[in-house]
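Participant: Before I ask anything, here is the structure I am working with.
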Amino acid sequence: SVMREASGIDVMEAQLKSIFQIQKVVIVSGDSDETPWVKTELGRACASSMKKLIMGKNIIAVTGGSTMAAVADKLTPDFKSDDLLFVPARGGIGEEVQNQANTICSKMAANTRTKHRVFYVPDQVSNEIYTSFMKEPMIKEVLEIIRSASIVLHGIGDAITMAERRKTDAKELEKMRSENAVGEAFGYYFNEAGEVVHKVLTVGLQLSDLDEIPNVIAVAGGSSKVKAIKAYLQKAPSQTILITDEGAAKGLLKGY
Ligand code: BG6
């Protein structure tokens, strides 16, 4: 639209797409750190991208977080398909209930009048729990569903913010700081070069599984997430669609 061209948003979208070599970039006006309703707009933009993408049967794996919760709020029943199944991408118990993938998936299903699966697994597990959980038929079944997803919807977090939200112990936090962790997605922590410097043991989608997923939609905005988003995009799969805001986009373009 004229408005978007006038504000240079179209140009920024094209620049980011070419810099980071991803499928598509959508930028909404404003900065969600400064104006809370911008996060609502991220949700709306994600919903509209999903509508363009979805036809027929789709399994959609979803992570947690307040941004994903904003996406859930903006979904409506007017999808071209009613054969959708929302499933948590990984265990998420430990986050605040409204930000847990289980809660978000159930809201997504309710708002689109489709289905969801629950995955009652903690955000982080010990080695012992991991090994025994992986033997559980019900867990195995959900893992199969997650891996066969056609769309993954996920948030990106600032590394230290996420580590604190996960009540990471002081020693581990110190290690992450010394290794310059700046970004987080799917329980993986990245440095500015996009290298994984730390990972929480998690049941569910692993970073290496993303290559097999036809569409990956990353939704993250706010100027405080610039480093995090940039880190994640260094090695993000080429089928990634990034939904972000102007506050983050401007920071991402600095130096290019
Ligand atoms: C968490 C995910 O639930 O939300 C993280 O496990 C993600 O991978 C984070 O980075 C993003 O949260 P928010 O509230 O900034 O959207």
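Rule-based calculations on the coordinates, nothing more; no lab input. Predicted, not measured: the structure shown is a model, and the values here were computed from it. Neighbour counts run over all protein chains shown; Cβ positions are idealised from the backbone, glycine included.
Participant: Mind listing just one residue for me: the one in the stretch 28-71 that is crowded, with 20+ Cβ neighbours inside 10 Å, of a type in the set (S, T, N, Q) and within 12 Å of the chain's Cα centre (by Cα) and, of those, farthest from ALA101 (Cα to Cα)?
Facilitator: THR67
Participant: Based on this model, can you work out whether VAL97 counts as out of contact with any Cys (no Cβ under 6 Å at 6 or more places or on another chain) and within 25 Å of VAL226 (Cβ to Cβ)?
Facilitator: So VAL97 does not fit the description; no.
Participant: Here's something else I'd like to know. I'd like the full set of residues that are within 17 Å of THR114 (Cβ to Cβ) and aliphatic (A, V, I, L, M), limited to the stretch 24-57.
Facilitator: ALA47, MET50, LEU53, ILE54, MET55
Participant: So which residues in the stretch 43-69 are under 14 Å from ALA109 (Cα atoms) and within 12 Å of the ligand (Cβ to nearest atom), if there are any at all?
Facilitator: VAL62, MET68, ALA69
Participant: Condition (residue is within 13 Å of the ligand (Cβ to nearest atom) and either within 17 Å of VAL71 (Cβ to Cβ) or buried (at least 22 other Cβ atoms within 10 Å of the Cβ) (or both)) applied to the stretch 190-202: is it met by at least one residue?
Facilitator: Scanning the stretch 190-202, I find at least one residue that is within 13 Å of the ligand (Cβ to nearest atom) and either within 17 Å of VAL71 (Cβ to Cβ) or buried (at least 22 other Cβ atoms within 10 Å of the Cβ) (or both), so the answer is yes.
Participant: Let me ask something else. Being in contact (Cβ under 8 Å) with a residue 12 or more places away in the chain and under 17 Å from the mean Cα position of the chain (by Cα) is the requirement here; does ALA218 meet it?
Facilitator: Against the criterion (in contact (Cβ under 8 Å) with a residue 12 or more places away in the chain and under 17 Å from the mean Cα position of the chain (by Cα)), ALA218 qualifies.
Participant: Sort through LYS171, LYS230 and tell me the only one that's in contact with a helix residue (DSSP H, G or I) (Cβ under 7 Å, 6 or more places away or on another chain) and either among the acidic types (Asp, Glu) or more than 13 Å from the ligand (Cβ to nearest atom) (or both).
Facilitator: Only one candidate qualifies: LYS230.
Participant: Filter the stretch 72-101 down to the residues that are in contact with a strand residue (DSSP E or B) (Cβ under 6 Å, 6 or more places away or on another chain), surrounded by fewer than 23 Cβ atoms within 10 Å (Cβ to Cβ) and under 17 Å from PHE186 (Cα atoms) and list them by number.
Facilitator: ILE93, GLY94
Participant: Yes or no: THR131 out of contact with any Ser or Thr (no Cβ under 9 Å at 6 or more places or on another chain) and outside any strand (DSSP E or B)?
Facilitator: Answer is yes for this residue.
Participant: Output yes when any residue across the stretch 24-42 is of a type outside the set (A, V, I, L, M), within 15 Å of the ligand (Cβ to nearest atom) and within 27 Å of GLU144 (Cβ to Cβ), and no when none is.
Facilitator: Checked the stretch 24-42: no residue is of a type outside the set (A, V, I, L, M), within 15 Å of the ligand (Cβ to nearest atom) and within 27 Å of GLU144 (Cβ to Cβ).
Participant: How about the stretch 1-117: which helices (runs of 4 or more DSSP H) wholly inside it have at least 3 residues that are touching a residue at least 60 places away in the same chain (Cβ under 8 Å), farther than 20 Å from ASP158 by Cβ and not basic (Lys, Arg)?
Facilitator: Passing ranges, in order: 9-20, 37-53.
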